[in-house]
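Here is the structure we will look at.
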Amino acid sequence: MALALYRKYRPRTFAEVIGQEHVTEPLSQALRSGRLNHAYLFSGPRGCGKTSSARILARSLNCEQGPTPEPCGQCESCRELATDGGSIDVLEIDAASHGGVDDARELREKAIFAPAKSRFKIYVIDEAHMVSSAGFNALLKLVEEPPEYVKFIFATTEPEKVLGTIKSRTHHYPFRLIPPKVLRPYLEQLCEAENVAVEPAVFPLVVRAGGGSARDSLSVLDQLIAGAGPEGVTYSRAAALLGVTDAALIDEMCDALAAGDGATAYATVDRVAEAGHDARRFASDLLERLRDLIVLQQVPDAAAKGLIDGPADQIERMAAQAQRLGPATLSRCADIVHNGLVEMRGTTAPRLLLELICARMLLPGADDSTGGLLQRLERMERRLTLAGTDAPPAAAGGPDAPFAHLSFEPHPWEARNDF
């Protein structure tokens, strides 16, 4: 049976850990110099490499060639601590089920015994924030002054819940979410290694679904690969499986907003409902598109700089949309969609609210706020500009030459002298 991708490609050295150079480089240098601490605290979001780095550190400490940042992988200790192995001198403890005071006392009693055959006896305590206060207090003396051959590695997603007296005895290394510009090339590399064809438009969907977590992203990619046909992983199947709105529907809505076309906007909402898409998810995807367009207006080469992600043809369409939608319109629409998403929480009629959101975006005249005024001014400027490009050039030199193409016929009431 094939291993899951996140298990098959679990990093075995610090050099293989992606997106955490601020952690792996100082740890590697500490291993080279021999300036090692007796306790470490790895914190950060789930799936970012905390437990994997703890295992790598354990291998690095007990390697026969070590302590070294590059375990040989050949000695007995390295083989025992391989991905699917274990060692009698490296104990992984799940604090979620072993975080009581009795478990801490048992650990304290066993820690006094020297390692059986390795250099260090290492305790990897996962989900350390689940250790009770009484359990931390029972461990306090041991963590403060352990035997020379004992090392502790605490891993947690909630470092603020770790007892302060324990945290102060550790070297704290915070892990971070992996940015898309790092995660996407990594996913592409794995697909090449697996010899699986994946459409380029799929990777942004996987990165977004993973939320910056390498493990979550690999789980999503693994699911898509498992359900792929002979043609590989296609965008349409990935979008349907992940519940993502088809980009064509987002494009239609943006084009409708740019043209002030209510008929197209409401037809798009109807297509969203007919396709079975969640109205909340469509609004969320639309908000993300508006954000990307705002960034594109301010940073034309945002795609090259990694500020937005997507296939080349999609980036071209978005650049055209950013030119047609002014900054005031985009800003006001983004605010409306954001507020609408808040209103959608718990509602029983999400489609109705989505249609009301469209009405607010399309009718700046009904909005007496500064945003509505700016959008109306922006529309007027755009119409004047378009009228100027279609009209013949005005005679030069006259004071009204820039406005010669405009018609200033008197209003019927003004033509009368009844006032």
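The values are calculated or read from the model by the stated rules, or taken from the named source; none is laboratory data. Owing to the predicted nature of the structure, the values given are computational and were not obtained by experimental measurement. Here the Cβ is made from the backbone with ideal geometry for all residues, glycine too, and neighbour counts use every protein chain on show.
For the range 8-59, what are the residues that are crowded, with 21+ Cβ neighbours inside 10 Å, closer than 18 Å to ILE125 by Cβ and among the polar types (S, T, N, Q)? Matches in the range 8-59: SER43, SER52, SER53. Look at (1) under 27 Å from GLU343 (Cα atoms); (2) among the hydrophobic types (A, V, I, L, M, F, W, C); (3) touching a residue at least 24 places away in the same chain (Cβ under 8 Å) and you find that VAL295 fails only one, number (3). Would you be able to say whether some residue in the range 199-206 is over 24 Å from the mean Cα position of the chain (by Cα) and surrounded by fewer than 16 Cβ atoms within 10 Å (Cβ to Cβ)? No, there is no match, as no residue in the range 199-206 is over 24 Å from the mean Cα position of the chain (by Cα) and surrounded by fewer than 16 Cβ atoms within 10 Å (Cβ to Cβ).
For the range 281-291, does any single residue satisfy the condition of being buried (at least 17 other Cβ atoms within 10 Å of the Cβ) and over 24 Å from ALA349 (Cα atoms)? Checking the range 281-291: not a single residue is buried (at least 17 other Cβ atoms within 10 Å of the Cβ) and over 24 Å from ALA349 (Cα atoms).
Residues of the range 302-336 that are more than 21 Å from ARG208 (Cα to Cα), assigned to a loop (DSSP other than H, G, I, E, B) and either within 19 Å of the chain's Cα centre (by Cα) or modelled with pLDDT of 85 or more (or both): LEU325 alone. Could you please find all residues in the range 12-45 being of a type in the set (D, E, K, R) and modelled with pLDDT of 90 or more? Result: GLU16, GLU21, GLU25, ARG32, ARG35.
Among the residues of the range 265-290, the ones that are touching a Pro at 6+ places or on another chain (Cβ under 8 Å) and outside any helix (DSSP H, G or I) come to 1 in all.
For every residue, the table says whether it meets (1) of a type in the set (Ser, Thr, Tyr); (2) loosely packed, with under 14 Cβ neighbours inside 10 Å; (3) in contact with a Cys (Cβ under 9 Å, 6 or more places away or on another chain).
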site	(1), (2), (3)
ASP102	no, yes, no
LYS110	no, yes, no
PHE113	no, yes, no
ARG119	no, no, yes
HIS129	no, no, no
SER132	yes, no, no
ASN137	no, no, no
GLU144	no, yes, no
LYS151	no, no, no
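Here ALA214 does not fit the description of being aliphatic (A, V, I, L, M) and surrounded by fewer than 17 Cβ atoms within 10 Å (Cβ to Cβ). Answer yes or no as to whether ALA54 is in the same structural domain as ARG119 (by TED's automatic domain parsing), farther than 22 Å from LEU221 by Cβ, modelled with pLDDT under 90 and not hydroxyl-bearing (Ser, Thr, Tyr). Criteria not met by ALA54. Hey, among the residues in the range 296-309 that are surrounded by 18 or more Cβ atoms within 10 Å (Cβ to Cβ) and among the hydrophobic types (A, V, I, L, M, F, W, C), which one's farthest from ASP335 (Cα to Cα)? Among those that are surrounded by 18 or more Cβ atoms within 10 Å (Cβ to Cβ) and among the hydrophobic types (A, V, I, L, M, F, W, C), it is ALA303. Only one of the numbered conditions (1) among the small types (Gly, Ala, Ser); (2) closer than 30 Å to LEU218 by Cα; (3) surrounded by fewer than 22 Cβ atoms within 10 Å (Cβ to Cβ) is violated by ALA238, and that is (3). Among residues of the range 301-315 that are touching a residue at least 60 places away in the same chain (Cβ under 8 Å), those with a beta-carbon under 7 Å from a residue that is of a type in the set (D, E, K, R) at least six positions away or on a different chain give the pairs GLY306/LYS181; ASP309/ARG184. Might you let me know whether the range 64-72 holds any residue that is out of contact with any strand residue (DSSP E or B) (no Cβ under 6 Å at 6 or more places or on another chain), modelled with pLDDT under 90, surrounded by 22 or more Cβ atoms within 10 Å (Cβ to Cβ) and on the phi < 0 side of the Ramachandran plot? Yes, some residue in the range 64-72 is out of contact with any strand residue (DSSP E or B) (no Cβ under 6 Å at 6 or more places or on another chain), modelled with pLDDT under 90, surrounded by 22 or more Cβ atoms within 10 Å (Cβ to Cβ) and on the phi < 0 side of the Ramachandran plot.
Output yes when any residue across the range 85-102 is assigned by TED's automatic domain parsing to the domain that holds ARG10 and in contact with a Lys or Arg (Cβ under 6 Å, 6 or more places away or on another chain), and no when none is. Checked the range 85-102: at least one residue is assigned by TED's automatic domain parsing to the domain that holds ARG10 and in contact with a Lys or Arg (Cβ under 6 Å, 6 or more places away or on another chain).
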